[in-house]
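Step one of this worksheet: look at the structure below.
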């Protein structure tokens, strides 16, 4: 198979523009980096448009394998020099590979929740920390959520830190960015969803429901009063020791685990 | 009450040395920052030696309250100018206050686990990410752990990011830094502890035990083979959806929640 050619200076400049949030959203593309993340995106069937590798990485077995899979998936392969890598990368070590992928993201209408079967959807209200948003997407994928809604005040889905924190799970579960949560709650209620808000004073059990929406808020402010008032139930994790609160992605993991165990 | 005086240039220099890990450990002191964190340290009874505030913060009601509590706790109060604050701070916004506190940390012998009653101890093996170590300390405090052991390869307890991620919980639960985990396992076994390792192939239930040690490993490598072989049981969170793994602090939260619920 032919060796990949170098990325042209003109293309490098256009790829670099994806570091800018406005440009990412306008173009519908984003950058992902690192061996594990790029492999996971390919494996999950994400639209990987271009894979850029250092010559060193391309010469390694791991690099050859990744390039082979990327070629099969229809991606353009280009080499970059080691000094170009950090420019396109958000971390200290991008491990020799960066890729341009179609921005993940779905619309509420696209979520596979209309049928009579069970569904679990997660909504985040004002979760501004990118690491928490990414970790909750990762956790939601693990616990088999059918979709994740990012409401007002959430970190931007296309930001490198959010994407990286998902560890590739963003390509496994539909994420609706910029969701109007009060509107989504009304629509999901019409589809038979039970709405559960994480809020102080709630209980730590889940009534059985074949379709559930679980809403988590920011650590500082919690779920908004409007959304809490629309919920059918409140959930809260009991405190056995000390401290003011749990990290929101830990709380989401605990709630999802309890929810799944309760359905078992 | 008299107004606090300014921090001298000589003292500023010596406080600044605490940004260095070796110096922190040698001195047995560290820096914490932000209103919430400093308040939490005071509330938890940590030894707060000096509180440094900007003149602006000292003039606010919240600042006056915090200074009052700190004075009662025996802390020296000093003002710093706004340009000194970022030098002593690890974050963009230290919110007007930085404090010197005695390094938290305990020895295995000090943990309140000798009696006949129930005990829960957490051990981390090679968890190198400071945010995860801090978040697990926070989560352990919430779920009422009697102690947390940081084994080989863990992020340094005194690092600003670890301390900050605990959200003050580090002052509520004894943390043993630099623990020899195989030795700790042998000693806790002699004290009647059941040893549970988070490891693939494990089950998601807990046999009842009045004394339990739960070991969590790094996301990349898991709990070391030596420690897994010493364990009485393996715990693993079932996957309902997609993805390679859970974030380790999310996994610890889920396990602790399941453990507590199982005891209920």
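Computed from the coordinates by the stated procedures, all read-outs in this text should not be read as laboratory data. The structure presented is a predicted model; accordingly, all values stated were derived computationally and were not measured. With ideal geometry, Cβ positions are generated from the backbone for all residues, glycine too; neighbour counts draw on all protein chains shown.
From the alpha carbon centroid of region B:130-205 to that of region A:93-119 is 34 Å. Residue separation of residue B:221 and residue B:161 scaled by 0.36 nm, minus their Cα-Cα distance, works out to 19.4 nm of gained length. Starting from the label point of residue A:191 at 7 Å along Cα→Cβ, the same points in the other copies fall at 5.1 nm, in ascending order. Among beta bridges identified by DSSP and lying wholly in the protein assembly as shown, the antiparallel ones come to about 30 percent.
Calculate for chain A the 222 nm mean residue ellipticity that helices alone would give, adding -39,500 (n - 2.57) per DSSP H run of length 4 or more and normalising by residue count, nearest 500 deg cm²/dmol. It would help to have the intermediate numbers written out before the result.
Details: 11 runs with 96 residues, N = 264.
-10000 deg cm²/dmol, from helical runs alone.
Kirkwood analysis of the Cα pair distances in chain B returns a hydrodynamic radius of 19.6 Å.
Over chain B, what is the mean sequence separation of C-alpha contacts under 8 Å (at least six apart), divided by residue count, expressed as relative contact order in percent? Working shown, then result.
Values: 501 pairs, mean separation 46.9, N = 264.
Computed over chain B, the figure is 18 percent.
In percent, rounded to a whole number, the relative contact order of region A:9-102 is 41, using alpha-carbon pairs under 8 Å and six or more apart.
Placing a label point 7 Å from Cα along the Cα-to-Cβ direction at residue A:71 gives distances to the equivalent points in the other copies of 7.5 nm, listed shortest first.
Any chance you could list the semi-axes, whole Å, largest first, of the equivalent ellipsoid that the Cα gyration tensor gives for region A:9-102, using √(5λ)?
They are 19, 16, 11 Å, listed from largest to smallest.
Looking at region B:5-102 alone, DSSP beta bridges between its own residues are antiparallel in about 60 percent of cases. Exposure proxy for A:43, B:29: other Cβ atoms within 10 Å of each Cβ, ordered fewest to most, give A:43, B:29.
Restricting attention to chain B, close to 30% of DSSP beta bridges with both partner residues there are antiparallel. Computed over the Cα atoms of region B:94-172, the ratio of the radius of gyration to the Kirkwood radius (Rg/Rh) comes to 0.99.
Rounded, prolate or oblate: which fits region A:169-261, taking a ≥ b ≥ c as square roots of the Cα gyration tensor eigenvalues, rounded meaning a/c under 1.5, else prolate when a/b beats b/c? Walk me through the numbers on the way to the answer.
On the way: a/c = 1.43, a/b = 1.37, b/c = 1.05.
In terms of gyration-tensor shape, rounded.
A crude spin-label estimate for the pair residue A:17 and residue B:210, with each label 7 Å from Cα along the Cβ direction, gives 7.0 nm.
Cα gyration tensor of region B:108-263, axes a ≥ b ≥ c as square roots of the eigenvalues: rounded (a/c below 1.5), prolate (a/b > b/c) or oblate? If you can, show how the numbers build up before the last one.
Working: a/c = 1.31, a/b = 1.00, b/c = 1.31.
Note, shape of region B:108-263 comes out rounded.
For chain A, the longest principal axis of the alpha carbon atoms and the long axis of helix A:181-190 meet at an angle near 60°. The same position residue A:204 in the other copies lies at 1.7 nm from this copy, comparing label points 7 Å beyond Cα toward the beta-carbon, shortest first.
Could you grab the Rg to Rh ratio for region B:49-128? Cα atoms only, Kirkwood for Rh. Walk me through the intermediate numbers first.
Details: Rg = 18.2 Å, Rh = 15.6 Å.
Ratio of gyration radius to Kirkwood radius for region B:49-128: 1.17.
To make sure I understand, if each residue's beta carbon is the centre and we count other beta carbons within 10 Å, what order do B:55, B:98 fall in, fewest to most? Don't jump to the answer; show the numbers that get you there.
Values: B:55 15, B:98 29.
Going from sparsest to densest Cβ surroundings: B:55, B:98.
Between region B:221-264 and region A:24-78, the C-alpha centres lie 31 angstrom from each other. Three principal axis extents describe the C-alpha atoms of region A:1-54; from largest down they are 35, 28, 16 Å. Against the empirical 2.2 N^0.38 Å (N residues), the protein assembly as shown has a Cα radius of gyration ratio of 1.03.
Rounded to the nearest 10 degrees, the angle from helix B:130-142 to the longest Cα principal axis of chain B is 80 degrees.
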